[in-house]
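Novice: Before we start, here is the structure in question, set down as structure tokens.
The values are calculated or read from the model by the stated rules, or taken from the named source; none is laboratory data. Bear in mind the structure is a predicted one, so any value in this text is a computation, not a measurement. We place every Cβ from the backbone using ideal geometry, glycine too, and count neighbours over all the protein chains shown. For accessibility, only protein heavy atoms count, side chains too; no ligands or nucleic acids. Shrake-Rupley method; radii C 1.70, N 1.55, O 1.52, S 1.80 Å.
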Amino acid sequence: MSRAAERLRLLINHLDRPPADIRAETTGALSFNSSYPQRLRYSWDTDLLTPDQRLSYEENGFILIKNLVPEEDIDRFRSAFERICRQEVKVPGLMVMRDVAISKSEFVQDQRAVSKLQDFQEDAELFRYCNLPQVLQYVECFTGPNIMAMHTMLINKPPDAGKKTSRHPMHQDLHYFPFRPSDKIVCAWTAMEKVDRQNGCLVVLPGTHTGTLKEHDYPEWEGGVNKMYHGVRGYDPQHPRVHLEMEKGDTVFFHPLLIHGSGMNQTQGFRKAISCHYASADCFYIDVKGTTQENIEQEVKDIANRKYALGNDITFQDTWAFRGRLVQGERTSL
């Protein structure tokens, strides 16, 4: 047995069992039903991930898969993005976002004016990314077989305009989500070209996925902060970090509590990536009132009201149920 496999076996033997495996005895004590196999907390055994990969995700909260999405698919996604930028097509529900520094300059009707497409679930070509079989087989390792695509983005990080606004503050994705449990949510993030420290690759703080959801708000940056780019408060800036340099087609899967962000783009080109947050269809919505997520709830509701004039009739949970799409299995809850 390899060293990694042995470590995995030892870890499995010491981890808590899933709640469904706990049975109450007449004495009131908790005991384990030995008829069910023990498993790791953050992944499912689908025979796809190696022991090394499962253990790495368990400890770090992310896993990088090289060359997962073919070049021809990425080129098609790029073409679909450019058609939207040229306003050749209009996609229902899509948010076209601009960098705060770019928005103060003259409008240009091409990709230079767009920093992000958010909620592209109604665009058949872009949403094809969320249904790629090779992506879903990895997603299933973290969500289980019933899979919902909940949040879609194509990020077009622009050359920094000198204000450092192309940065994305360190944050936890769970801050934006009113559904749980967090361990059944995962993000797939695919580089659409070479991504490195010069053009603003992802930066992750390994192991922070084992913590709790922290307070988020807009950072006080001199050059301004892009809309919806909340940053985490109260994390250790000295925590070891990893810069995820990737090639075109490489895909990283990461936990929604993992603290991550990205640096500014110091090149003259754009840094593109396409991503989808997936959740088990067995997840459930929660009320975030009275929690640290109240600020993002209000912001999302305000945006939805301005866009669709729905007033107080729409809830935070409604905005997510509207966007969610079943991509595998059965829609059981979300």
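Novice: Look through segment 206-265, keep the residues that are at pLDDT below 85 and among the hydroxyl-bearing types (Ser, Thr, Tyr), and return whichever of them is most open to solvent (accessible area, probe 1.4 Å).
Specialist: Of everything passing the filter in segment 206-265, 218 is most open to solvent (accessible area, probe 1.4 Å).
Novice: Let me ask another. For segment 116-145, enumerate the residues that are of a type in the set (Val, Ile, Thr) and without any contact (Cβ under 8 Å) to a residue 40 or more places away in the chain.
Specialist: Of the residues in segment 116-145, the ones of a type in the set (Val, Ile, Thr) are 135, 139, 143.
If the condition is that a residue be of a type in the set (Val, Ile, Thr) and without any contact (Cβ under 8 Å) to a residue 40 or more places away in the chain, then no residue fits.
Novice: Right, something else. Of the numbered conditions (1) out of contact with any helix residue (DSSP H, G or I) (no Cβ under 6 Å at 6 or more places or on another chain); (2) open to solvent by 20 Å² or more (accessible area, probe 1.4 Å), residue 142 satisfies every one except a single condition; which is it?
Specialist: (2)
Novice: If you go through segment 254-304 one residue at a time, how many are hydroxyl-bearing (Ser, Thr, Tyr), within 21 Å of residue 154 (Cα to Cα) and in a strand (DSSP E or B)?
Specialist: Start the filter on segment 254-304 by keeping residues that are hydroxyl-bearing (Ser, Thr, Tyr), which leaves 262, 267, 275, 278, 280, 285, 291-292.
Now restrict to residues that are within 21 Å of residue 154 (Cα to Cα): 262, 267, 275, 278.
Pick out the ones that are also in a strand (DSSP E or B) and you get 262, 275, 278.
Total satisfying the criteria: 3.
Novice: Can you tell which of 324, 329 is at positive phi and at pLDDT 95 or above?
Specialist: Values: 324 fails: at positive phi.
None of the others qualify; the one that does is 329.
Novice: Among what's in segment 97-131 and is of a type in the set (A, V, I, L, M, F, W, C) and out of contact with any helix residue (DSSP H, G or I) (no Cβ under 7 Å at 6 or more places or on another chain), pick the residue that is modelled with the lowest pLDDT.
Specialist: That would be 108.
Novice: Report, by residue number, each residue of segment 113-132 that is open to solvent by less than 30 Å² (accessible area, probe 1.4 Å), of a type outside the set (Phe, Trp, Tyr) and either part of a loop (DSSP other than H, G, I, E, B) or in contact with a strand residue (DSSP E or B) (Cβ under 8 Å, 6 or more places away or on another chain) (or both). Give the derivation first.
Specialist: First, pick out the residues of segment 113-132 that are open to solvent by less than 30 Å² (accessible area, probe 1.4 Å): 113-121, 123, 126-127, 129-130, 132.
Subsequent filtering for residues that are of a type outside the set (Phe, Trp, Tyr) retains 113-119, 121, 123, 126, 130, 132.
Those that are open to solvent by less than 30 Å² (accessible area, probe 1.4 Å), of a type outside the set (Phe, Trp, Tyr) and either part of a loop (DSSP other than H, G, I, E, B) or in contact with a strand residue (DSSP E or B) (Cβ under 8 Å, 6 or more places away or on another chain) (or both): 114, 115, 116, 117, 118, 119, 121, 123, 126, 130, 132.
Novice: Still on this model: Can you tell me which condition residue 292 does not meet? The list is (1) more than 14 Å from residue 174 (Cβ to Cβ); (2) modelled with pLDDT under 95; (3) of a type outside the set (Gly, Ala, Ser), and all the others hold.
Specialist: (1)
Novice: What residue, among those in segment 189-221 that are part of a strand (DSSP E or B) and not aromatic (Phe, Trp, Tyr), is nearest to residue 267 (Cα to Cα)?
Specialist: Of all residues in segment 189-221, those part of a strand (DSSP E or B) come to 189-191, 195, 202-204, 216-217.
Among the residues that remain, those that are also not aromatic (Phe, Trp, Tyr) are: 190-191, 195, 202-204, 216-217.
Values: 190: 20, 191: 16, 195: 11, 202: 15, 203: 17, 204: 21, 216: 29, 217: 28 Å.
Ranking the qualifying residues of segment 189-221, first place goes to 195.
Novice: Checking the structure you have, find out if any residue of segment 157-174 is in a helix (DSSP H, G or I) and modelled with pLDDT of 95 or more. Write out each step before concluding.
Specialist: Start the filter on segment 157-174 by keeping residues that are in a helix (DSSP H, G or I), which leaves 173-174.
Next, only the ones that are modelled with pLDDT of 95 or more stay: 173-174.
So far as segment 157-174 goes, yes, one or more of its residues are in a helix (DSSP H, G or I) and modelled with pLDDT of 95 or more.
Novice: Which numbered condition trips up residue 313, out of (1) open to solvent by 60 Å² or more (accessible area, probe 1.4 Å); (2) modelled with pLDDT of 95 or more?
Specialist: So the condition that residue 313 fails would be (2).
Novice: Moving on. Against the conditions (1) surrounded by fewer than 20 Cβ atoms within 10 Å (Cβ to Cβ); (2) part of a loop (DSSP other than H, G, I, E, B); (3) at pLDDT 95 or above, where does residue 75 fall short? Just the number, please.
Specialist: (2)
Novice: Let me ask something else about it. Conditions: (1) open to solvent by less than 60 Å² (accessible area, probe 1.4 Å); (2) part of a strand (DSSP E or B). Residue 326 meets all but one. Number of the miss?
Specialist: Residue 326 satisfies every listed condition except (1).
Novice: Could I ask something else about it? For segment 175-188, what are the residues that are outside any loop (DSSP other than H, G, I, E, B) and open to solvent by less than 10 Å² (accessible area, probe 1.4 Å)?
Specialist: Initially, segment 175-188 is screened for residues outside any loop (DSSP other than H, G, I, E, B), giving 175-176, 179-180, 182-188.
Scanning segment 175-188 gives 175, 179, 185, 186, 187, 188.
Novice: How do the pairs read when you match residues in segment 41-62 that are hydroxyl-bearing (Ser, Thr, Tyr) with residues anywhere that are open to solvent by 30 Å² or more (accessible area, probe 1.4 Å), using Cβ under 7 Å and keeping only pairs 6 or more apart or on different chains?
Specialist: Pairs found: 42/183; 46/140.
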